[in-house]
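Here the structure comes first, spelled out in structure tokens, and everything after it is commentary.
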Ligand code: NIG
Ligand code: FE
């Protein structure tokens, strides 16, 4: 018999409902569907009921199945957080770069001198699959403890056919092993590796003619991404790679206008990318074109913070009708953090997004950015039972108490995977959790 999970008496259930068909824009981003004193009922891994405590009680009384009750009093329930942009599979670390940057070195100059992404590439090439899995698991566990239940994961630290495939295979294995769902993106065009420094066009050819077909044939990714930036990949190279990716069924994404204004936002609109990410220097015209084409802006205020740069103009994007999502950009060089809640704080404090907009950006709009909005991103009947119970009396507190972890319980596919802030190793703990609870 399928077990019923009854989460009751939450001080607020933040449903973020009404955005499953298309991402939320403008005023819609502020409509987060708050139910005061709310309950959610789950059957198996799917949401069966969302509503007030009183209605829920009536509904539960009609059920004949066993019910596990979780008392959410004094806490708020939100959809599981979604991170639509990470570079989580890698080896090595780059803490030396902080000292260099504090002394004035620029992030992009470190890369041009053969460091940065290329130093992580050296370490990742040397690493075995097992080592990559071990390292990435630690990062995934931290993500889970911060309330993140789905992430996108990019390749791009291999930069040879075999090493790109290795990274993507690791992500695929981790998707099976870990409660977090990993959605993969092929990003062979993350940097031009040292061996192609003098012949970048040859490297583009390798990406298109050898990497793309193998990635597609092995079904290792759903999206294709390019670091479109001055000194990395040109607009023409980026367009070519993303168009060729499309022919293999890979949906385009772009690292756009991060360091200089380069026309990345315009390119995203032109080729119909699902998202353009970073956008610190995006032009107003580019933003308008993104709005017209419905390209999602995935903003990464943690990267701006860590690189000590001006963040993207989120207010302008929301005003012009671009759907905004948020992400950690988790990577070893420009954003070494798994704390999506801290990124939410930064979105609020450095980009002036409101607490409501921030929640929309980390749930339903993030789900759209990875093409999963029909399954996740909101608390609505028939969606997956991915939730976070935050130890906060209302959702505004999440943005007011900054850089703290208020996550109490994380539910993934209807199972408790984090309890009291700690990872739950076995399913049994779900029963322990509710043993002191009565059904009514
Ligand atoms: O999104 N900008 C390009 N790529 C990553 C950083 C990768 C790295 O520094 O290792 C980013 O910021
Ligand atoms: Fe990135």
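How far apart, in nanometres, would the label points at residue 131 and residue 22 be if each is projected 7 angstrom from Cα along the Cα-to-Cβ direction?
Calculated label separation equals 4.9 nm.
Could you line up 299, 206 from fewest to most neighbouring Cβ atoms inside 10 Å?
206, 299
Taking the Cα atoms of the range 223-301, report the difference between the largest and smallest coordinate on each principal axis, in whole Å and largest first.
So the extents along the principal axes, rounded to whole Å, are 31, 28, 21.
For q values of 0.28 Å⁻¹, compute log₁₀ I(q)/I(0) with the Debye formula on a Cα-only model of the range 1-54, without solvent.
Log10 I(q)/I(0), no solvent term: -1.02.
Note the full-extension length gain between residue 95 and residue 64 as 0.36 nm times their separation in residues minus their Cα-Cα distance, in nm to one decimal.
Values: separation 31, 0.36 × 31 = 11.16 nm, distance 5.65 nm.
5.5 nm is the gain from fully extending residue 95 to residue 64.
Which FRET efficiency value, to the nearest 0.05, do you get for residue 381 and residue 308 by plugging their Cβ-Cβ distance into 1/(1 + (r/R0)^6) with R0 = 41 Å? Working shown, then result.
Numbers: r = 45 Å, r/R0 = 1.10.
Once the sixth-power term is evaluated, E becomes 0.35.
When the C-alpha atoms of the range 68-214 are aligned to their principal axes, what extent does each axis show, in angstrom, from largest down?
Sorted from largest, the Cα extents of the range 68-214 read 63, 42, 24 Å.
Based only on other Cβ atoms within 10 Å, what is the fewest-to-most ordering of 395, 157, 402?
Listing 395, 157, 402 from fewest to most nearby Cβ atoms yields 402, 395, 157.
What is the order of 183, 254, fewest Cβ neighbours within 10 Å to most?
Listed from fewest to most nearby Cβ atoms, that is 183, 254.
Using every Cα-Cα pair within the range 232-390, state what percent have a distance larger than 29 Å.
Distances greater than 29 Å cover 15 percent of the Cα pairs.
Find the centroid of the Cα atoms in the range 333-411 and in the range 259-281, then give the distance between the two in whole Å.
Each part reduced to its Cα centre gives a spacing of 24 Å.
Report the paramagnetic label zone for residue 3: residues of the range 385-414 whose backbone N is under 12 Å from a point 7 Å from Cα along the Cα-to-Cβ axis.
414
Only residues of the range 37-57 count here: report those whose backbone N is under 17 Å from the spot 7 Å along Cα→Cβ of residue 396, or say none.
Zone members listed by number: 37.
Given a Förster distance of 35 angstrom, what is the FRET efficiency for residue 173 paired with residue 113, based on the Cβ-Cβ distance and rounded to 0.05?
0.55
Divide by every residue of the chain the summed helix terms, -39500 (n - 2.57) for each DSSP H run of at least 4, and state the resulting mean residue ellipticity at 222 nm, rounded to the nearest 500 deg cm²/dmol.
It comes out at -10000 deg cm²/dmol, rounded to the nearest 500.
Based on DSSP, what percent of beta bridges with both residues in the chain are antiparallel, to the nearest 5?
Antiparallel bridges make up about 45 percent of those DSSP assigns within the chain.
Which shape class, rounded, prolate or oblate, goes with the range 343-434 when its Cα gyration tensor gives a ≥ b ≥ c as root eigenvalues, a/c under 1.5 marks rounded, and past that a/b bigger than b/c marks prolate?
Oblate, because a/c is 1.5 or more while a/b does not exceed b/c.
Cα gyration tensor of the range 137-185, axes a ≥ b ≥ c as square roots of the eigenvalues: rounded (a/c below 1.5), prolate (a/b > b/c) or oblate?
Working: a/c = 2.48, a/b = 2.21, b/c = 1.12.
Judged from the Cα gyration tensor, the range 137-185 comes out prolate (a/c at least 1.5, a/b above b/c).
In the range 243-374, what % of DSSP beta bridges are antiparallel (nearest 5)?
10
Mind jotting down the three principal axis lengths of the chain based on Cα atoms? Whole angstrom, largest first.
71, 46, 44
With no solvent and one equal point scatterer per Cα, compute the Debye intensity ratio I(q)/I(0) for the range 338-390 at 0.22, 0.29 Å⁻¹ and report its log10, rounded to two decimals.
-0.87, -1.14
What angle, in degrees between 0 and 90 and rounded to the nearest 10, separates the Cα long axis of helix 161-177 from the longest principal axis of the Cα atoms of the chain?
0
If one takes the longest principal axis of the Cα atoms in the chain, at what angle in degrees, from 0 to 90 and to the nearest 10, does the Cα axis of helix 235-247 lie?
50
Calculate the length of the line joining the C-alpha centroid of the range 163-229 to that of the range 9-27, in whole Å.
If we compute the Cα centre of each part, the gap is 33 Å.
For the range 153-292, what is the Kirkwood estimate of the hydrodynamic radius, computed as the reciprocal of the mean inverse distance between distinct Cα atoms, to one decimal in Å?
That comes to 15.1 Å for the range 153-292.
Between helix 117-126 and the chain, what is the angle of the helix's C-alpha long axis to the longest principal axis, kept within 0 to 90° and rounded to the nearest 10?
Helix 117-126 sits roughly 80 degrees off the main axis of the chain.
Classify the range 1-101 as rounded, prolate or oblate from the Cα gyration tensor: take a ≥ b ≥ c as the square roots of its eigenvalues, call it rounded if a/c is under 1.5, otherwise prolate when a/b beats b/c and oblate if not.
Numbers: a/c = 2.58, a/b = 1.88, b/c = 1.37.
In terms of gyration-tensor shape, prolate.
Every number here is computed from the coordinates shown, using simple stated rules; none is lab data. Fair warning: this is a prediction, and the values are worked out from it, not measured in the lab. Glycine gets a Cβ as well: all are built from the backbone with ideal geometry, and neighbour counts include every protein chain shown.
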